[in-house]
Amino acid sequence: MPDQLGFCIVGCGMIARFHVQAINAIPGARVAALVSRSTESAAKLIADSGLPAVPVFHSVEDAVRAPGVDAVIITTPSGNHREPALVAAAAGKHVVVEKPLEITGPRCADIIEACTRAKVQLCTIFPSRFADSSAALKAAVDAGKFGRLTLGETTCKWWRTQAYYDEGGWKGTQALDGGGAMMNQAIHNVDLLLWMMGDATHVSGFTATLAHERIEVEDTAVAVIRFKSGALGVIQATTSVHPGYPKTIAVHGDKGSAVIEQEDVLRWDFTPPTPDDAKVKERFAAKVGAAGGAADPKAISFEGHRRQLADFVDAVRANRPPAVDGREGKKAVDLICAIYESARTGRTVAL
């Protein structure tokens, strides 16, 4: 194993910049190559990120043969994740895929099976899991502090301008975006909700396109969920709510409730209260206060990516699954696709 794990980044758009920043901040990792159909995009990424000169390829097939490439990070449009992932796995390279893992369950399954066959590690990027407040909430759930879970809620009431959809050739298309506010923006919320509440069994949803033109996907969606535990859940996802508000997640049970906005703990109420509860409130009360991309997709920190990619580097070295593997990534896609099916058919969908 080399001293530094060499990453090849496939796709040189906006989200690739977060990966470059994250890798630059990890001692055991480096950017070894880039893949881009546009030489100009790759050159701009190198210049903007302060990368040393790295080879730039026009195909994943050429890149995986380059010396020093140990892993491939896929940051292409969502509906173009499967093909480069399969090429990377077949070449024996570890694979990191930006959310969503893919835009349908079967396409996700193809990636998972290819990586399993090749015995390489697979990671789905969900940096919200690596926020300190999310970790505290998950620890409280696992410790049984909520008693019987009764209700989980999450909101992603964001705003995107018409220009956001008009400027990108793939944004708002069914083939490459796979969906709108629920699949593209709120999938982080969906992942957190499933992580906290457990697997879902049934879902009913409604979707609409209310504030934008010339897009094939929804900008407004709601869903209600039944979890295996018997608890219920609610999801709200938009790019139609001006001016956009920080995302929230709430977990409720018969012995306690907690509400997190972005990374700030708004409510943390348990019976009986403990000294640790007071410490949580003090630690997380109004520490962030950021919109976290609510109105501007560039206005997010790369810290979550850094923490997740550092976990991935350690997973490769220790030959263990990463914290968020392909199977975890597929769960959110499966639920979102079920929401879309329910919205299309007007029926409750069983998972």
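The values are calculated or read from the model by the stated rules, or taken from the named source; none is laboratory data. Computed from a predicted model, the values in this text were never measured in an experiment. All Cβ positions, even for glycine, are placed from backbone atoms using ideal geometry, and neighbour counts span all protein chains on display.
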Checklist entry - Going through region 21-37 one residue at a time, which ones are at pLDDT 95 or above, in contact with a strand residue (DSSP E or B) (Cβ under 7 Å, 6 or more places away or on another chain) and either outside the structural domain of residue 62 (by TED's automatic domain parsing) or closer than 20 Å to residue 315 by Cβ (or both)? => result 23, 29, 30, 31, 32
Checklist entry - Does residue 155 satisfy the criteria of being polar (S, T, N, Q), buried (at least 20 other Cβ atoms within 10 Å of the Cβ), over 14 Å from the mean Cα position of the chain (by Cα) and modelled with pLDDT of 95 or more? => result yes
Next on the checklist: Given the criteria buried (at least 23 other Cβ atoms within 10 Å of the Cβ), modelled with pLDDT of 95 or more and either out of contact with any strand residue (DSSP E or B) (no Cβ under 8 Å at 6 or more places or on another chain) or outside the structural domain of residue 154 (by TED's automatic domain parsing) (or both), does residue 217 qualify?
Outcome noted: yes
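Looking for something surrounded by fewer than 18 Cβ atoms within 10 Å (Cβ to Cβ), outside any strand (DSSP E or B), of a type in the set (Asp, Glu) and without any contact (Cβ under 8 Å) to a residue 24 or more places away in the chain - is there at least one such residue anywhere in region 26-46?
Within region 26-46, one or more residues are surrounded by fewer than 18 Cβ atoms within 10 Å (Cβ to Cβ), outside any strand (DSSP E or B), of a type in the set (Asp, Glu) and without any contact (Cβ under 8 Å) to a residue 24 or more places away in the chain.
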Checklist entry - Would a scan of region 55-76 turn up a residue that is over 16 Å from residue 305 (Cβ atoms), at pLDDT below 95 and in a helix (DSSP H, G or I)? => result no
Checklist entry - Pick from region 125-147 the residues that are assigned to a helix (DSSP H, G or I) and basic (Lys, Arg): which of them is nearest to residue 211 (Cα to Cα)? => result 129
Checklist entry - In region 116-166, which residues are of a type in the set (Lys, Arg) and touching a residue at least 60 places away in the same chain (Cβ under 8 Å)? => result 129, 145, 148, 157, 160
Next on the checklist: Looking at residue 161 and the list (1) on the phi > 0 side of the Ramachandran plot; (2) surrounded by fewer than 17 Cβ atoms within 10 Å (Cβ to Cβ), which single condition is not satisfied?
Outcome noted: (1)
Item to check | Residues of region 148-193 classified as part of a helix (DSSP H, G or I) and in contact with a strand residue (DSSP E or B) (Cβ under 7 Å, 6 or more places away or on another chain), total | outcome: 7
Checklist outcome for this item: Across region 216-241, the tally of residues that are more than 15 Å from residue 343 (Cβ to Cβ) and among the charged types (D, E, K, R) stands at 2
Checklist entry - Any residue at all in region 107-117 that is part of a helix (DSSP H, G or I), in the same structural domain as residue 36 (by TED's automatic domain parsing) and among the small types (Gly, Ala, Ser)? => result yes
Checklist outcome for this item: Residues in region 299-347 that are assigned to a loop (DSSP other than H, G, I, E, B) and either modelled with pLDDT of 95 or more or not β-branched (Val, Ile, Thr) (or both) total 12
Checklist entry - Quick check: is even one residue across region 67-76 closer than 18 Å to residue 313 by Cβ and touching a Cys at 6+ places or on another chain (Cβ under 6 Å)? => result yes
